[in-house]
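Each remark here refers to the structure printed beneath this line.
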Amino acid sequence: MSFDQKQLEKAFYKDGFSLGMEAVQGGISQQSLFIALNKMYRAIDDFIDSLTVYAQQQGQKLDCKKGCEWCCHQPIYALSYEMQYLNAFIKDNFNKSDLKQIKNRAEIKNNKFKKLAGDSLLNAKHPCPLLENGTCIAYNARPMACRIYLSTNVKSCIAFYKNPENEKSIPALLDFPLKAGKMMNEGFKAALKTGGLSTVEFRIEEILLVPPAKAMGKVT
């Protein structure tokens with residue numbers, strides 16, 4: 001890793017920490033937390049948009065886009081404050097019938113994945129509870145992990161989906177967006193910790209089944 005890349009990772013951590021501190025200074029209310037988290041999501045989205053434009057200028061392309069679902073069948077993890085945001089979005093945008101269907105799909109996936117570990121879990125495939133007709137129904141509130149998973153070759157994603165046990169079936173992911181998003185989330189999490197709020201990591205299907213206040217210090 002080059003020195004410049006290390007410096008950039010530190011910058012993303014610092015940005016995440018600063019945004020997390022905005023929530024802390026706001027008393028870590030649900031409103032202040034969501035405003036800060038939304039800012040972080042917009043920042044990483046803007047970075048990825050810029051990266052996409054740069055790649056196109058260099059004659060390269062990113063195959064990831066809304067409606068491409070090959071990565072939406074594997075285990076996806078998010079932090080508990082992201083769970084708060086995601087659950088609130090779902091509650092505000094779907095009726096009781098929709099919520100019941102989402103919960104049922106979450107229970108099915110959780111039952112399939114909860115006894116798996118290691119490579120068996122990482123290679124497991126089952127559609128995300130929020131996936132309908134090939135599209136994420138909570139796309140605007142999707143967690144960091146979904147935003148930074150960028151492939152330059154959709155064929156590699158399809159190969160991994162169809163043959164995950166094959167060591168050669170590896171998605172052609174861009175490394176730096178993964179690290180940038182992780183560092184920004186780490187900074188945000190560290191800031192919340194200074195305000196006495198701990199975080200827990202969940203899989204998406206667990207997020208949809210665990211009450212927010214139980215998974216994380218209650219935010220009002």
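Would you point out which residue out of Asp15, Asp49 is among the charged types (D, E, K, R) and surrounded by 15 or more Cβ atoms within 10 Å (Cβ to Cβ)?
Going through Asp15, Asp49 in turn, the sole match is Asp15.
Have a look at Gln5, Gln25 and point out the one that is polar (S, T, N, Q), farther than 14 Å from Asn185 by Cα, in contact (Cβ under 8 Å) with a residue 40 or more places away in the chain and loosely packed, with under 15 Cβ neighbours inside 10 Å. Outline the logic, then answer.
Working: Gln25 fails: in contact (Cβ under 8 Å) with a residue 40 or more places away in the chain.
Matching residue, one of Gln5, Gln25: Gln5.
Does any residue in region 149-164 that is without any contact (Cβ under 8 Å) to a residue 60 or more places away in the chain and in a helix (DSSP H, G or I) come within less than 6 Å, Cβ to Cβ, of a residue that is crowded, with 18+ Cβ neighbours inside 10 Å and not β-branched (Val, Ile, Thr) six or more places away or on a different chain, and which pairs are these?
Ser156/Pro171
Could you identify the single residue in Cys71, Cys64 that is in a loop (DSSP other than H, G, I, E, B), hydrophobic (A, V, I, L, M, F, W, C) and within 17 Å of the chain's Cα centre (by Cα)?
Cys64
What tally of residues in region 60-76 results from selecting those that are in contact with a strand residue (DSSP E or B) (Cβ under 7 Å, 6 or more places away or on another chain) and free of Cβ contacts under 8 Å to residues at least 60 places away in the same chain?
So the answer is 0.
Can you name the condition, by its number, that Cys128 falls short on among (1) part of a loop (DSSP other than H, G, I, E, B); (2) without any contact (Cβ under 8 Å) to a residue 12 or more places away in the chain?
So Cys128 meets the others, but not (2).
Return the only residue of Lys125, Lys115, Lys109 being loosely packed, with under 13 Cβ neighbours inside 10 Å and more than 13 Å from the chain's Cα centre (by Cα). Spell out how you get there, then give the answer.
Working: Lys125 fails: loosely packed, with under 13 Cβ neighbours inside 10 Å; Lys109 fails: loosely packed, with under 13 Cβ neighbours inside 10 Å.
Just a single option satisfies the conditions, and that option is Lys115.
What do you reckon, is Asn140 surrounded by 18 or more Cβ atoms within 10 Å (Cβ to Cβ) and either out of contact with any strand residue (DSSP E or B) (no Cβ under 6 Å at 6 or more places or on another chain) or under 19 Å from Leu19 (Cα atoms) (or both)?
no
Of everything in region 41-54, what is in contact (Cβ under 8 Å) with a residue 24 or more places away in the chain and either among the small types (Gly, Ala, Ser) or touching a Lys or Arg at 6+ places or on another chain (Cβ under 9 Å) (or both)? Give them in sequence order.
Tyr41, Ala43, Ile44, Asp45, Ile48
Here are some residues: Asn111, Asn87, Asn104. Which one is under 30 Å from Gly196 (Cβ atoms) and part of a helix (DSSP H, G or I)? Walk me through how you get there before you give the answer.
Numbers: Asn111 fails: under 30 Å from Gly196 (Cβ atoms); Asn104 fails: under 30 Å from Gly196 (Cβ atoms).
Asn87 is the lone residue from the list that is under 30 Å from Gly196 (Cβ atoms) and part of a helix (DSSP H, G or I).
Filter region 131-148 down to residues that are of a type in the set (A, V, I, L, M) and assigned to a loop (DSSP other than H, G, I, E, B) and give me whichever is farthest from the chain's Cα centre (by Cα). Working first, answer last.
First, pick out the residues of region 131-148 that are of a type in the set (A, V, I, L, M): 131, 137-138, 141, 144-145, 148.
Now restrict to residues that are assigned to a loop (DSSP other than H, G, I, E, B): 137-138, 148.
Values: Ile137: 14, Ala138: 12, Ile148: 7 Å.
By that ranking, first place goes to Ile137.
Looking only at residues that are free of Cβ contacts under 8 Å to residues at least 60 places away in the same chain and closer than 14 Å to Tyr85 by Cα in region 174-214, which one is surrounded by the most Cβ atoms within 10 Å (Cβ to Cβ)?
Among residues in region 174-214 that are free of Cβ contacts under 8 Å to residues at least 60 places away in the same chain and closer than 14 Å to Tyr85 by Cα, the one surrounded by the most Cβ atoms within 10 Å (Cβ to Cβ) is Ala213.
Laboratory data are not the source of any read-out in this text; all were calculated from the coordinates shown. What you are looking at is a predicted structure, and each value in this text was computed from that prediction instead of being measured. Glycine gets a Cβ as well: all are built from the backbone with ideal geometry, and neighbour counts include every protein chain shown.
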